[in-house]
Amino acid sequence: MSNQTVYLLFAEQTSPFDDEELIDPLVGIFTDEAECLRIQKEQPRYKISWEERDVEDAGEHTIEPGDTVYAYHYMATYRPTPDGGEAIELLSDAPVEDVFFQEGNARKKLEVGDLQVITVGDFRLKGDFQIIEG
């Protein structure tokens, strides 16, 4: 089984729950660090950062833009936002523990956490990716 490296991109911003609190949500997953640098330059209002992660269960598949991956967050909570949406409080207090390629492997973690379904290469400044709750 081979590991595939991806880059988790974060954007520090004002919390949707409290204008005086800052959060650092996951806003995208990319296969090329150059994409992270490009976004950092294009979004000077935000403190953009990223970290490398291995996708342990990719097998022989090379992770490419357009692939679906699952970001696992341990013990996340959800709250309604002032605009009527819902945001994960993990935006500030439950970091990404693992990234999975195979949905079945990701779903095994739902007993103790939650998943965000992310298309590799998709950039969402609010971090509003689909959520699968445990």
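Of all residues being acidic (Asp, Glu) and touching a strand residue (DSSP E or B) at 6+ places or on another chain (Cβ under 8 Å) in region 98-124, which is farthest from TYR74 (Cα to Cα)? Just the residue, please. Here the residue is ASP122. Taking the criterion of being part of a loop (DSSP other than H, G, I, E, B) and out of contact with any Pro (no Cβ under 8 Å at 6 or more places or on another chain), the residues of region 18-51 that qualify are ASP18, ASP19, GLU20, GLU21, ASP24, PRO25, ASP32, GLN43, PRO44, ARG45, TYR46. The requirement of being acidic (Asp, Glu), at pLDDT below 95, closer than 14 Å to LEU8 by Cβ and out of contact with any Lys or Arg (no Cβ under 9 Å at 6 or more places or on another chain) is not satisfied by ASP93.
Residue by residue through region 37-57, note down the ones that are of a type in the set (A, V, I, L, M, F, W, C) and within 15 Å of TYR72 (Cα to Cα). VAL55, the sole residue that qualifies. Inside region 1-13, residues that are more than 17 Å from the chain's Cα centre (by Cα) and either free of Cβ contacts under 8 Å to residues at least 24 places away in the same chain or outside any loop (DSSP other than H, G, I, E, B) (or both) make up a count of 0. Considering (1) modelled with pLDDT of 95 or more; (2) within 17 Å of the chain's Cα centre (by Cα), the lone condition that GLN43 does not fulfil carries the number (2). Taking region 13-40 on its own, how many of its residues are modelled with pLDDT under 95, surrounded by 13 or more Cβ atoms within 10 Å (Cβ to Cβ) and not hydrophobic (A, V, I, L, M, F, W, C)? Count: 5. Within region 58-72, not a single residue is modelled with pLDDT under 95, within 12 Å of GLN116 (Cβ to Cβ) and assigned to a loop (DSSP other than H, G, I, E, B).
Output the residues belonging to region 100-112 that are out of contact with any helix residue (DSSP H, G or I) (no Cβ under 9 Å at 6 or more places or on another chain) and surrounded by 19 or more Cβ atoms within 10 Å (Cβ to Cβ).
First, the residues of region 100-112 that are out of contact with any helix residue (DSSP H, G or I) (no Cβ under 9 Å at 6 or more places or on another chain): 101-112.
Selection gives PHE101, ALA106, LYS109.
Anything in region 73-90 that is at pLDDT 70 or above and within 13 Å of the chain's Cα centre (by Cα)? List them, or say none. Passing the criteria: HIS73, TYR74.
Restricting the search to region 46-62, which residues are more than 16 Å from LEU9 (Cα to Cα) and buried (at least 16 other Cβ atoms within 10 Å of the Cβ)?
Of region 46-62, the ones more than 16 Å from LEU9 (Cα to Cα) are 56-62.
Within region 46-62, GLU56, ASP57, ALA58 qualify.
The values are calculated or read from the model by the stated rules, or taken from the named source; none is laboratory data. All figures in this text were calculated on a predicted structure; none of them were measured in a lab. With ideal geometry, Cβ positions are generated from the backbone for all residues, glycine too; neighbour counts draw on all protein chains shown.
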